[in-house]
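The values are calculated or read from the model by the stated rules, or taken from the named source; none is laboratory data. From a predicted model like this one, the values you see are computed outputs, not experimental measurements. Backbone-built Cβ (ideal geometry, glycine too); neighbour counts: all protein chains shown.
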Amino acid sequence: MIYKHFCFILTTILFLSCIQASTTEKETNNSAKSEPNIKKIETYKPKNILEDSTNNSIDAKNSTENNNHYEVNEDTLEKFLTNPLDFQEFKKIKGQSNSGGFDYQEYLFKPDYQGFYLRFFIFPKFGEHGPRIVSYRKGKNFGDFFEDRDTIIQLFSDRPDKDLKNANLVHKHIDELKRVFGDDFLTDEDFIYYRCNKIKTLLTIYTRSSQRVLWFKVTRLNKSINSIDDIPQNIKNVNAS
């Protein structure tokens, strides 16, 4: 009798143990199911090399740096010099400027259609400083300020201006430009010259030994620039084109 009672108790203990183990396993499985495997997704944010406080920058995604020698896709400089500024958008932002005639210089590019050279200057908030633009306007008459008849021949600025966007170069450090345009340029005293002979366009940068851009000019020419001697003297003059 005692033996039967002992076996009953032992069987009961084993049965309860099995139930508890089964319950624990189910809770563990349910807990595992309630915590899905979540992978952290990182959003890629491209970093521009030339960036200022206004968040306007030159696209430098193709540039690389190697032991202080800067290499860049040739298309980067050509792309910038081909279209340094959306002039129509710039005119809409500024709203107005002074304008006047411009004396043609023999080294400047001249489109093969009828038109005339026109100078835009004294944009709002800048006075005699800031952006100055020489365009070749198609047709015979000046017309309206906002008309889309202008081809930029020269872009100049001696002040930072966020409205210039990619061409907002004043006060940039020279190393920033090297990272974008490379270090294949000509130098002459306080000047640095980037040129693209494919489109006969010259970027002139004046630094006065400060390692920063004090003023710049983007000029479309009618000839190639292969050496310092090929650069017109007026290009170095802040008040001339």
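What's the total number of residues in region 101-121 that are surrounded by 10 or more Cβ atoms within 10 Å (Cβ to Cβ) and either modelled with pLDDT under 95 or not hydroxyl-bearing (Ser, Thr, Tyr) (or both)?
Residues of region 101-121 that are surrounded by 10 or more Cβ atoms within 10 Å (Cβ to Cβ), as a first pass: 101-102, 104-105, 107-111, 115-121.
Okay, now just the ones that are also either modelled with pLDDT under 95 or not hydroxyl-bearing (Ser, Thr, Tyr) (or both), so 101-102, 104-105, 108-111, 115-116, 118-121.
Result for region 101-121: 14.
Collect the residues in region 155-171 that are of a type in the set (Lys, Arg) and closer than 22 Å to ARG220 by Cα, keeping them in residue-number order.
Step one: filter region 155-171 for residues of a type in the set (Lys, Arg), giving 159, 162, 165.
Listed by number, the residues that qualify are ARG159, LYS165.
Taking region 100-118, which residues are of a type in the set (D, E, K, R) and more than 19 Å from THR82 (Cα to Cα)? Outline the logic, then answer.
First, the residues of region 100-118 that are of a type in the set (D, E, K, R): 103, 106, 110, 112.
Of everything in region 100-118, those that are of a type in the set (D, E, K, R) and more than 19 Å from THR82 (Cα to Cα) turn out to be ASP103, GLU106.
Consider region 148-184. How many of its residues are at pLDDT below 95 and assigned to a loop (DSSP other than H, G, I, E, B)?
3
I'm trying to understand the selection: among the residues of region 125-147, which are among the polar types (S, T, N, Q) and part of a loop (DSSP other than H, G, I, E, B)?
First, the residues of region 125-147 that are among the polar types (S, T, N, Q): 135, 141.
Within region 125-147, just ASN141 meets the criteria.
Given (1) within 25 Å of PHE90 (Cβ to Cβ); (2) out of contact with any Phe, Trp or Tyr (no Cβ under 9 Å at 6 or more places or on another chain); (3) of a type outside the set (A, V, I, L, M), identify the lone condition not met by PHE145.
For PHE145, the exception is condition (2).
Of all residues being touching a residue at least 40 places away in the same chain (Cβ under 8 Å) and crowded, with 17+ Cβ neighbours inside 10 Å in region 187-198, which is nearest to LYS223 (Cα to Cα)? Just the residue, please.
Going through the qualifying residues, I end up with CYS196.
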